[in-house]
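Below: one structure, written as structure tokens.
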Amino acid sequence: MKTRKEKTGFRIPDLSRAAGPISSIVAIAVGLMIGFIILLISNPARALEGFAWIIGGGINSAKDLGNVLYYATPIIMTGLSVAFAFRTSLFNIGASGQFIVGALGAVLVGVKCTFLGSFQWVVGLLAAMVFGAVWALIPGLLKAYNNVNEVISCIMTNYIGMYLVNWIVKSTVYHQLTNRSLPVANEANIPKLGLDKLFPGSSINGGFIIAVLICIFAYILLNKTTFGFELKACGYNRFASRYAGISEKRSIIMAMVISGAMAGIGGGLLYLAGSGKYINVEDVLAPEGFTGISVALLGMSHPIGTLFAGLFIAYITVGGSYMQLAGFVPEIIDIITATVIYFAAFALIMRNLLQRFRLRKGGERT
Amino acid sequence: MEYIIEMRDIVKDFPGIRANDHVTLQVRKGEIHALLGENGAGKSTLMSILFGMYKPDSGSILLRGKEVHISGPRMANELGIGMVHQHFMLVHNFTVLQNIILGVETTQNGFLKMDEARKKVVALSEKYGLKVDPDALISEITVGMQQRVEILKMLYRENDILIFDEPTAVLTPQEIDELMDIMKGLAAEGKSIIFITHKLEEIKRVADRCTVLRMGKCIGTVNVADVTVEELSEMMVGRKVILKVEKQEKEPGRPVLEVRNLTIRDHKSKSRKNKVHNLSLTVREGEIVCIAGVDGNGQSELVQAITGLIPADEGQIILKGEDVTKKSIRYRNTHGLSHIPEDRHKYGLVLDYNLAENLVLMEYFEPRFQSRGFLKQKEITAYAEKLISQFDIRSSEGARTRVRSMSGGNQQKAIAAREISRNPDLLLAVQPTRGLDVGAIEYMHGQIVKARDSGKAVLVVSFELSEVMNLADRILVMYEGEIVANVKPSEVTEKELGLYMAGSKRSEAV
Ligand SMILES: Nc1ncnc2c1ncn2[C@@H]1O[C@H](COP(=O)(O)OP(=O)(O)OP(=O)(O)O)[C@@H](O)[C@H]1O
Ligand SMILES: [Mg+2]
């Protein structure tokens, strides 16, 4: 009597496989639609033209495409950071702090350790990874040993991280005139791996490939290894994990550390990109951390999903920059890209909530 | 209008399975109507449809002769339908009173009219003998009382069609008696009751009619007075079921588990009474020891101390001659201990993992399921499929099914299959057959006896006297954290056991 039927209408949504990408695409469509409505309101006559740029700007030229990959790189990493933690039921809202602390590690090595020669960029990235990991270790320890909610400690470490980085930059690698960090040595820049020939004029470099590899690594770690099995089990049900002999504390700490390392690498990848990025000494939290939350949401907290979600958001951003040609001022452009991104994420949150609600109803069963 | 509820020709598909296949259920006003069927037969699904939680794919529901479309639990409530789910739906950090009025609060100028609500609740609880403390937090009261809260919730909403989904699975025999009386009282008042249970004698005791489901199909409806328990179980499983456990006498071997002078203090409430007090016991090879007792007399704490989930305050736990009192849970799990926990949702399963993942939850790190840290997906699936067919675990998509979507009895089967198949030296089973149908109980008891016959030690905690009497080679009765009796089932009657359990008798041989 096993009759496998695909039916529409009300039924418990199948969380597995196909449901993920489809709902992400629907959410993106919703976001785009709302973006279009705002375009219509702000400038009805050229709305269509502007919208066309958002949709098509990212593939306008090889340079644009290269820049899409370049912009995507750091937010893929922060997105992955949030997604990885989320898979283990931790909400790492501290990716912003870990990102900038990681960036600091990279810049310190990039400026100071010129003796490393052609290994300088590698060590720089490793430093970024370690710095980010250590920064996430703090909320991890607090959660594991004192049951402090990670959201609260993450927000704290975001601010502490920002001020700490400002202070260290000022006292070590500071360029007074521009109020930012000194440029890193040439050796510290991530090799271009010929990508600059493929996408001439863009800022792309090997960092994108590194991000892709780390996504794949995260996917394997989560889904194919006993370690990932433990991390997820703890996230889903810590009592059952304890019963199965899994150390809950270790899982929480490791999940945060790995998540932080990813955000830290994100910082390293951006500031060692050789694209003229410096740490500005200003009291602003790194926005990449928060974009990461949208990326993770759009990517359904799936490592490969975040890869595509990061690309999408970068694509919209690059496309949006062309809207000036249709007479839109940069502020409006920012609003519209943000609208697209956040409404897409919002649509997904709503869907997830609904789904959770239904699953609980139908799920907790006798 | 003969029937108060008629569910006609209900069909409900889930991906991979048809849970209800043209089921018809007709309930008369004022009757207790039992719903019987194997694990996964579709009982809970059918009731969830009546309660508005699922929409049927086809079929119709008639309420007092008029067709209705129930869009959700809220509407079901407005139509007078209430449901007690087996896994209760209470808010744990709310009080009893708050839970009862949740969703139907009466307000005045935006303020809750608590006093009125309290009066009504107290009146109801007195009228029906549903003892509750309105100000206690849900997290701090027993399962039995939580259930009374669920019942009061229905009565408070003045529902007159009451659905009970396996209410007795979580209750002690005393509480079951009380519940049966309450149900009879409610029916006598004209309320109509649908009652799901796997215990046939309960059906005989209270139900007027009984509808039997098998594999999603309706087998028929009978007058309970016209059939025997045996006939009912045959209707349900499709074959004769032997409820008596067959086992040979066996001389126990060396001790496998020794608990010496174990004391566990009550760390929560500062009462001086210990949860477990200076308790010693031994379980030997080839022996089934059953711990009987009323829930809450320290059984849970004893079991959790043996498994390492809570530390022992004093005393020792010795497994196969080795002191494991200070050892980790993983150490005990890998050194011969296997455990069917009391709370299957809290401890036993990761509900969002699939069946295969849950079946290897205790062994995923063993070389046969992993190499160099990588899971051997193929071996895991193959092993899962073996257990699924061996223990007849029914689900919609086999090894890939998310455990959350499985029926309660099949979830229990999955845990039991996992723990028994690990081939432990000591099998520690708490309520191993809770929520199982008679066929599955027969099989599970058979497996436990088989383990014992192959020289394993088995320690069972059960609140059900019939299970204890049937299964045990030796019975220990626990009362207020101590063992008050140590007897052979052949030397004791159920009545005597009851006396021990109530603390009014103590045997010398302890
Ligand atoms: N939400 C769901 N998604 C997928 N399958 C489901 C869902 N709910 C139930 N099923 C499947 O439908 C079948 C019937 O389940 P149901 O819970 O109704 O059984 P039951 O008769 O209540 O069994 P038990 O006695 O074990 O509680 C089961 O095979 C179950 O796996
Ligand atoms: Mg059920």
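Values as computed for the structure displayed
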{"item": "Occluded residues from segment B:1-20, i.e. those whose accessible area drops by 10 Å² or more once the chain is not alone (1.4 Å probe)", "result": "B:12, B:13, B:14, B:15, B:16, B:17, B:18"}
{"item": "Theoretical ellipticity at 222 nm over chain A - DSSP helices of four or more residues, -39500 (n - 2.57) apiece, nearest 500", "result": "-23500 deg cm²/dmol"}
{"item": "Semi-axis lengths, Å, chain B, gyration tensor of Cα atoms, sqrt of 5 times eigenvalues", "result": "38, 28, 23"}
{"item": "Antiparallel %, DSSP beta bridges [both residues in the protein assembly as shown], to 5", "result": "55 percent"}
{"item": "Max mean-square fluctuation residue, GNM over chain A, Cα-Cα springs under 10 Å, options A:177, A:307, A:297", "result": "A:177"}
{"item": "Residues residue A:220 and residue B:26, FRET efficiency given R0 of 60 Å [Cβ-Cβ distance, rounded to 0.05]", "result": "0.60"}
{"item": "Cα coordinate range in segment B:5-237, projected on the principal axes (Å, largest first)", "result": "52, 37, 32"}
{"item": "Buried accessible area, chains A and B (both chains, 1.4 Å probe, Å² to nearest 100)", "result": "4300 Å²"}
{"item": "Helix-only [θ]222 nm of chain B, DSSP H runs n ≥ 4, -39500 (n - 2.57) each, per residue, nearest 500", "result": "-9500 deg cm²/dmol"}
{"item": "Choice from A:137, A:231, A:164 with maximal GNM fluctuation in chain A (Cα, 10 Å cutoff)", "result": "A:164"}
{"item": "Accessible area in the full protein assembly, largest first, 1.4 Å probe, for B:51, A:86, B:94, A:115", "result": "A:115, A:86, B:94, B:51"}
{"item": "Shielded by partner chains, segment B:51-65 residues - at least 10 Å² of accessible area, 1.4 Å probe, vs chain alone", "result": "B:53, B:54, B:55, B:57"}
{"item": "Length added when fully stretched, residue B:244-residue B:385, from 0.36 nm per residue minus Cα-Cα", "result": "47.8 nm"}
{"item": "Carbon + sulfur, % of accessible area of chain B - ligands and nucleic acids excluded, 1.4 Å", "result": "49 percent"}
{"item": "More than 26 Å apart - percent of Cα-Cα pairs taken over chain A", "result": "54 percent"}
{"item": "For the protein assembly as shown, the fraction of alpha-carbon pairs in successive 20 Å shells from zero, as %", "result": "13, 38, 33, 14, 2"}
{"item": "Filter on A:224/B:12; B:413/B:456; B:191/B:217; B:191/B:240; B:250/B:488; B:275/B:327 - keep pairs with C-alpha separation over 24 Å", "result": "A:224/B:12; B:191/B:217; B:191/B:240"}
{"item": "Bridge type composition, chain B - antiparallel percent by DSSP, nearest 5", "result": "55 percent"}
{"item": "Convex hull (Cα only) mean projected area of segment B:255-501, reported in nm² to one decimal", "result": "13.6 nm²"}
{"item": "Axial C-alpha extent at least 24 Å, average Kyte-Doolittle at least 0.0 - helices from chain A (DSSP)", "result": "A:19-42, A:62-87, A:95-112, A:120-146, A:150-172, A:207-224, A:248-271, A:303-321, A:330-363"}
{"item": "C-alpha center-to-center spacing [segment B:150-198, segment B:301-350] in angstrom", "result": "36 Å"}
{"item": "Shielding by other protein chains, B:350-359, mean Cβ within 10 Å", "result": "4"}
{"item": "Dimensionless Rg ratio for segment B:410-472, taking C-alpha atoms and the 2.2 N^0.38 Å reference", "result": "1.01"}
{"item": "Drop in accessible area of at least 20 Å² in the complex versus isolated chain, residues of segment A:237-269, 1.4 Å probe", "result": "A:237, A:239, A:240, A:242, A:243, A:244, A:245"}
{"item": "Ordering of B:325-332, B:431-438 by packing [mean C-beta count within 10 Å, highest first]", "result": "B:431-438, B:325-332"}
{"item": "Efficiency of FRET from Cβ geometry, residue B:92 and residue A:45, R₀ 51 Å, rounded to 0.05", "result": "0.30"}
{"item": "The protein assembly as shown, accessible area per residue, ligands and nucleic acids excluded (1.4 Å, Å²)", "result": "42 Å²"}
{"item": "Shielding by partners, peptide B:361-368 (average Cβ within 10 angstrom, other chains)", "result": "3"}
{"item": "Label-point separation in nm, residue B:323 to residue B:266, each point 7 Å along Cα→Cβ", "result": "3.0 nm"}
{"item": "Sulfur and carbon atoms: percent of accessible area, chain A [1.4 Å]", "result": "68 percent"}
{"item": "Backbone N under 19 Å from the residue A:122 label point (7 Å along Cα→Cβ), restricted to segment A:196-234", "result": "A:206-214"}
{"item": "Projected area, mean over directions - segment B:1-90, Cα convex hull, nm²", "result": "6.3 nm²"}
{"item": "Rounded Å value of the spacing that divides the Cα centres of segment B:205-255 and segment B:259-292", "result": "34 Å"}
{"item": "Kyte-Doolittle mean at least -0.5, axial Cα span of 15 Å or more - DSSP H helices of chain B", "result": "B:143-156, B:173-188, B:377-391, B:438-453"}
{"item": "Fluctuation leader among A:248, A:187, A:282 - chain A, Gaussian network, Cα springs under 10 angstrom", "result": "A:282"}
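The values are calculated or read from the model by the stated rules, or taken from the named source; none is laboratory data. None of the values given here were measured: they were computed from a predicted structure. Every residue, glycine as well, gets a Cβ built from its backbone with ideal geometry; the counts of neighbours run over all protein chains shown. Note: accessible area is taken over every heavy atom of the protein model, side chains too, but ligands, DNA and RNA are not part of it. Shrake-Rupley method; radii C 1.70, N 1.55, O 1.52, S 1.80 Å.
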